[in-house]
Amino acid sequence: MAEPILSVNDLAVEFDTYGGTVQAVRGVSFDVQPGETLAIVGESGCGKSVTVQSIMGLTPMPPGRITSGNALLNGVDILGRKTINGEDIRGDKIGMIFQDPMTSLNPTMNIGSQIAETLIVHRGYSKKQAFARAVELLDMSKIPEAEKRAKQYPFEFSGGMLQRAMIAMAIACEPEILIADEPTTALDVTIQAQILDLLNDLQRENGMSIILITHDLGVVARMAQEVLVMYAGQVVERGSVDDIFYRPGHPYNLGLHAAMPTNDPEAESRLTPIDGSPPDLFHPPAGCGYCARCPYSMQVCIDTPPPTYTLSEGHEAACWLHHESNTQVVPEIHHAGEAVND
Amino acid sequence: MTDLIKIDNLVKYFDIGRDQRVHAVDHVSLEIGEREIVGLVGESGSGKSTLGKAVVGLHDKTGGTVTFKGKEMPARYAPADFQAHATDMQMIFQDPYSSLNPRMTVGEIIGEGLKLHRGLGNSAVRDSVASWLERVGLQADHMSRYPHEFSGGQRQRIGIARALILEPEFVVCDEPISALDVSVQAQVINLLDELKESMGLTLLFIAHDLSMVRYVSDRMAVMYLGSLVEVGRANEVFFEPKHPYTKILVGSNPEPDPRHERHRASTTIQGEIPSPVNVPEGCRFANRCPEVMDRCRSETPQLIPVNDVTEEHPREVACHLFSRD
């Protein structure tokens, strides 16, 4: 496998609040390969946004605090740094788009100038050059009549068009990595399909890597090559998109799939919800974070955090079910060394 | 099966000044049978929530009628009408954060309807609230807490208990799960399903998650820019869509199946839903439709049955491709 472009190791982030210290991210590691899309999945509050915001230096500190770990961009640690070799990381090396484009853009500046600002700051373009490039970028993001639209303000754009403008801004400096934090959650399915197609096209043209944060497994299936499943601030499973969907190795991943309706008219079985709710990260559990909701939990899960087991090349799960002395058989869970049928 | 609710040519316009009006719901007719779940899907701005609210009387009707058990409901609800119909129909709202009064305890929120409409005393209300809290998967001692102490899924359960404590026959669920995580969505859907079975509820289930609507509903209605474009059995509409808009809607829905997604042909639709202020003449979908014909731009297609018309609720499509003339 090629050298990863971004390698995050054992990242831990805490926040001081009135109620105590929240351990939002508890030892997260992952790699992003060049030109690939990595999806980070998990429910609200599992730490997926905090993870990427900490890498981007967007976590407010204080109250936030990075307690361990590093994030190597082409081998150089970028945690807590704004520049490498005089070049900005944020906006230049790594671009980012957010869930809610309406509140992420400045309502008092026209769209073109907001995109141009990036180029003036990072690339030293003149105002005129930058605005001309902004129009090109809007055009690349498939906004019709880009020249006219560049002079309009955010309130004149629909949600889908605003997200396109955000993408134009994020790719202005040709970043190596684009982080998309729930980019389509606020959009309708038809507009979502347009935005996802646009991201795929841009990736094909520019060869950038994408980190896609989402809770929609349909979006993951459409976009990702690699998937990271997070729960309660930790990575519970990682693998290729086929590993995650067809060979789940962690009960939480399995539970997520069982909780969704299958598009099969014959299978009229009931949905299987995951009972309960995620643990309180003020006092994270001593053992596995998922054990309170897990139908297969054992005494060891409550006492000791599970190690990460390798199930096959590139497919790992942190679950005691994979320990060699475990005798509990869960047919739906994929174990190490099992045949892979594609 | 008899129709519990009959929506006939319902119209709801909002005047926004200077002779401009938003055509939020434009001549919608739909029947909902007893104990039936009808799913209503469409993009944001298509008028699905407005339709739901107009049916339960939260919006005055500009035109058309809603008939409940053969009795016509008022076009404009007076306070006494809400009083009279609260035990017939109720609504569950989308946002479990803004739809519960933060200054009332959960017991007051859920029990308010009983006090107002059934005139029960405090202790009887308390008993009933306690049993309903348990029925929706919460605990009786939650009644003295405030909404902020609950998670999104728990709040949605509170909203469900509030709507169902009066044992209505008909409930409009306006995107009851879209604010919730996947693992919690299934909890709420299963709860609704159980209550539907035990209470014999009839539901209008509004959502934009097509897979979930197909799963939940008996029949599905697809709405576009204030009008219905297709109505039929949920499985038929989802697996064999007929209207070009339904085809695109279903094709845009990403399925949690990477193999399927890799081989999926792109069905991306160009453009966005037009403004409901200046509704185009003819078919409302004509300017985005891949199969548009000349007559689509001048003649408005009506919902017409496309299969076995002897069925009680035939499959209906509003598209000139299916016109017989």
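Given axes a ≥ b ≥ c from the Cα gyration tensor, I'd like to know whether the protein assembly as shown is rounded (a/c under 1.5), prolate (a/b larger than b/c) or oblate. Intermediate values should be presented prior to the final figure.
Numbers: a/c = 1.67, a/b = 1.23, b/c = 1.36.
Taking the square roots of the gyration eigenvalues as a ≥ b ≥ c, the protein assembly as shown is oblate.
Ratio of alpha-carbon Rg to the 2.2 N^0.38 Å globular estimate for the range B:30-127, to two decimals, please.
Details: Rg = 15.7 Å, N = 98, 2.2 N^0.38 = 12.6 Å.
Dividing the Cα Rg of the range B:30-127 by 2.2 N^0.38 Å gives 1.25.
Which whole-number percent is the relative contact order of the range A:6-229 (Cα, under 8 Å, 6+ apart)? Walk me through the numbers before you get to the answer.
Details: 414 pairs, mean separation 61.4, N = 224.
The value is 27 percent.
Search the structure for amide H atoms under 5 Å from the amide H of residue A:97, placed 1.01 Å from N in the peptide plane, and list their residues when 5 or more places away or on another chain.
Under 5 Å from the amide H of residue A:97: A:179, A:180, A:181.
Cα-Cα over 27 Å: which of A:148/B:48; B:6/B:196; B:48/B:71; A:48/B:48; A:48/B:196?
Values: A:148/B:48 33 Å; B:6/B:196 20 Å; B:48/B:71 23 Å; A:48/B:48 32 Å; A:48/B:196 36 Å.
Over 27 Å Cα-Cα: A:148/B:48; A:48/B:48; A:48/B:196.
Let me know the mean shielding of A:153-163 by other chains, meaning the per-residue number of their Cβ atoms within 10 Å of its Cβ.
Other-chain Cβ atoms within 10 Å of each residue's Cβ, averaged: 1.
Straight distance only, please: which lysines reach the Cα of residue A:82 with their own Cα at less than 16 Å, same-chain residues fewer than 8 apart left out?
Filter leaves A:93.
Quick one: which residues, 5+ away or cross-chain, put their amide H under 5 Å from the amide H of residue A:88? H built at 1.01 Å from N.
Placed amide hydrogens put nothing under 5 Å from residue A:88.
What percent does the relative contact order of the range A:200-342 come to when contacts are Cα pairs within less than 8 Å and at least six residues apart?
Working: 175 pairs, mean separation 29.9, N = 143.
Worked out over the range A:200-342, it gives 21 percent.
Under 8 Å for C-alpha pairs, at least 6 residues apart: give me the relative contact order for chain B, rounded to a whole percent. Mind dumping the intermediate values first?
Working: 602 pairs, mean separation 63.3, N = 325.
In percent, rounded to a whole number, it is 19.
Whole number in Å², please: accessible area per residue of the range A:1-139, 1.4 Å probe, ligands, DNA and RNA not counted.
Numbers: 6460 Å² over 139 residues.
Each residue of the range A:1-139 exposes 46 Å² on average to a 1.4 Å probe.
Stokes-Einstein D for chain B at 10 °C, 1.306 mPa s, Kirkwood Rh over Cα pairs, in µm²/s?
On the way: Rh = 20.9 Å.
Calculated translational D: 76 µm²/s.
Please compute, over every Cα-Cα pair in the range B:190-325, the percentage with a separation greater than 20 angstrom. Please list the in-between numbers first.
Details: 4859 of 9180 pairs.
Above the 20 Å cut-off, the range B:190-325 has 53 percent of its Cα pairs.
Using a Gaussian network model of chain A whose springs link C-alpha atoms within less than 10 Å, name the residue from A:273, A:284, A:248 with the highest mean-square fluctuation.
Among A:273, A:284, A:248, the largest GNM mean-square fluctuation belongs to A:273.
Would you kindly calculate the mean projected area, averaged across all directions, of the convex hull enclosing the Cα atoms of the range A:232-322, in square nanometres?
Numbers: hull surface 26.0 nm².
Convex hull of Cα atoms, orientation-averaged projection: 6.5 nm².
What residues does the range A:177-213 have that are buried by at least 10 Å² of accessible area in the full protein assembly compared to the chain on its own, 1.4 angstrom probe?
Going by heavy-atom accessible area, the residues of the range A:177-213 that drop by at least 10 Å² are A:188, A:189, A:190, A:191, A:192, A:193, A:194, A:197.
With a 1.4 Å probe on protein heavy atoms only, tell me which residues of the range B:238-260 lose at least 40 Å² of accessible surface in the complex relative to the chain by itself.
Checking the loss per residue gives B:239, B:252, B:254, B:256, B:258, B:259.
Work out from phi, with θ = phi - 60° and the Karplus expression 6.51 cos²θ - 1.76 cosθ + 1.60, the ³J(HN,Hα) of each residue of the range A:3-8, listed in order in whole Hz, and give x for Gly and Pro.
In residue order, the calculated couplings are 4, x, 7, 10, 10, 9 Hz.
Run the lone-cysteine check on the protein assembly as shown: no other Cys C-beta under 4.7 Å from the residue's C-beta.
Unpaired cysteines in the protein assembly as shown: A:46, A:173, A:294, A:319, B:173, B:289, B:319.
Give, in nm to one decimal, the length gained when the segment between residue A:106 and residue A:85 is fully stretched (0.36 nm per residue of separation minus the Cα-Cα distance).
Values: separation 21, 0.36 × 21 = 7.56 nm, distance 2.98 nm.
Extra length from residue A:106 to residue A:85 when fully extended: 4.6 nm.
Helices from chain B with mean Kyte-Doolittle at least -1.0 and a Cα length along the axis of 15 Å or more, per DSSP H: which? Intermediate values should be presented prior to the final figure.
On the way: long enough: B:122-135 (19 Å, -0.50); B:152-164 (18 Å, -0.41); B:182-199 (26 Å, 0.32).
Counting only whole DSSP H runs, the qualifying helices are B:122-135, B:152-164, B:182-199.
Tell me the label-point distance for the pair residue B:178, residue B:287, using the 7 Å Cα-to-Cβ offset, in nm and rounded to one decimal.
Going from the residue B:178 label point to the residue B:287 one covers 2.2 nm.
I need the phi-derived Karplus couplings for the range B:295-305: 6.51 cos²θ - 1.76 cosθ + 1.60, θ = phi - 60°, integer Hz, Gly and Pro marked x.
5, 4, 7, 10, 9, 7, x, 9, 5, 10, x
Kindly state, to the nearest 0.05, the FRET efficiency for residue A:204 paired with residue A:275, given R0 = 56 Å and r defined as their beta-carbon distance. Don't skip to the end; give the middle numbers.
Working: r = 42 Å, r/R0 = 0.75.
That gives a FRET efficiency of 0.85.
When ranked by the protection proxy of mean other Cβ atoms within 10 Å per residue, highest first, what sequence do the peptides A:6-12, A:41-47, A:330-336 form? Walk me through the numbers before you get to the answer.
On the way: A:6-12: 19.3, A:41-47: 22.4, A:330-336: 15.1.
Descending mean neighbour count gives A:41-47, A:6-12, A:330-336.
Ordered by packing density, taken as the mean number of other Cβ atoms within 10 Å over each peptide's residues, highest first, how do B:216-227, A:136-147 rank?
Details: B:216-227: 24.2, A:136-147: 18.2.
Ranking the peptides B:216-227, A:136-147 by packing returns B:216-227, A:136-147.
Go through the range A:38-45 residue by residue and turn each phi into a ³J(HN,Hα) via Karplus (6.51, -1.76, 1.60, θ = phi - 60°); whole Hz please, and just put x for glycine and proline.
9, 9, 10, 10, x, 7, 4, x
If you build a Gaussian network model of chain A, linking Cα atoms that sit under 10 Å apart, which residue out of A:253, A:200, A:74 swings the most?
Highest fluctuation among the options: A:74.
Averaged across the residues of B:187-197, what count of C-beta atoms belonging to other chains lies within 10 Å of each residue's C-beta?
Numbers: counts 8, 2, 5, 5, 1, 0, 2, 1, 0, 0, 0.
Partner Cβ neighbours, averaged per residue: 2.
Rounded to whole Å and sorted largest first, what semi-axes of the equivalent ellipsoid does the C-alpha gyration tensor of the range A:122-194 yield via the square root of 5 times each eigenvalue? Write down the numbers at each step before the final one.
Numbers: eigenvalues 96, 51, 17 Å².
Each semi-axis is √(5λ); the values are 22, 16, 9 Å.
Give me the Kirkwood hydrodynamic radius of the range A:6-229, using the inverse of the mean 1/r over all pairs of distinct Cα atoms, in Å to one decimal. Intermediate values should be presented prior to the final figure.
Details: mean 1/r = 0.0556 Å⁻¹.
Hydrodynamic radius (Kirkwood, Cα only) of the range A:6-229 equals 18.0 Å.
For residue A:236, which sequence-distant residues (separation of 5 or more, or a different chain) have an amide H within less than 5 Å of its own amide H, given hydrogens modelled in the peptide plane?
Counting only residues 5 or more places away or on other chains, the set is A:229, A:230, A:231.
Tell me the mean residue ellipticity at 222 nm calculated for chain B from its helices only (DSSP H runs of n ≥ 4, each -39500 (n - 2.57), averaged over every residue, nearest 500).
Computed ellipticity for chain B at 222 nm equals -8500 deg cm²/dmol.
What value, in deg cm²/dmol to 500, does the helix sum -39500 (n - 2.57) over DSSP H runs of n ≥ 4 give at 222 nm once divided by the residues of chain A? Could you put the intermediate results ahead of the total?
Values: 11 runs with 101 residues, N = 342.
Dividing the helical sum by the residues of chain A leaves -8500 deg cm²/dmol.
Which whole number gives the average, over all residues in B:211-217, of C-beta atoms from other chains lying within 10 Å of the residue C-beta?
Numbers: counts 5, 3, 1, 3, 8, 2, 0.
Averaged over the peptide's residues, the number is 3.
With no solvent and one equal point scatterer placed on each C-alpha of the range B:145-206, evaluate the Debye formula and give log10 I(q)/I(0) for q = 0.13, 0.15 Å⁻¹, two decimals.
Each listed q corresponds, in turn, to -0.33, -0.44.
Taking only Cα atoms and a 10 Å spring cutoff, compute GNM fluctuations for chain B and point out the largest among B:19, B:294, B:81.
B:19
Where does the charge balance sit around residue A:93 when Lys and Arg score +1, Asp and Glu -1, over other residues with C-beta under 15 Å from its C-beta?
Details: positive: A:81, A:82, A:90, A:123; negative: A:77, A:87, A:88, A:92, A:174, A:176.
Overall, the nearby charge balance is -2.
Taking a cut-off of 16 Å between Cα atoms, list the aspartates and glutamates near residue A:142, but don't count ones fewer than 8 places away on the same chain.
Filter leaves A:197, A:201, A:205, B:272.
Evaluate the distance, in nm, between pseudo-label points positioned 7 Å from the Cα of residue B:87 and of residue A:16 along their respective Cα→Cβ axes.
Spacing of the two 7 Å Cα→Cβ label points: 5.8 nm.
The values are calculated or read from the model by the stated rules, or taken from the named source; none is laboratory data. Note that this is a predicted model, so its numbers are computed, not measured. Every residue, glycine as well, gets a Cβ built from its backbone with ideal geometry; the counts of neighbours run over all protein chains shown. For the accessible areas, the whole protein counts, side chains as well, though only heavy atoms, and no ligand, DNA or RNA atoms are used. Shrake-Rupley method; radii C 1.70, N 1.55, O 1.52, S 1.80 Å.
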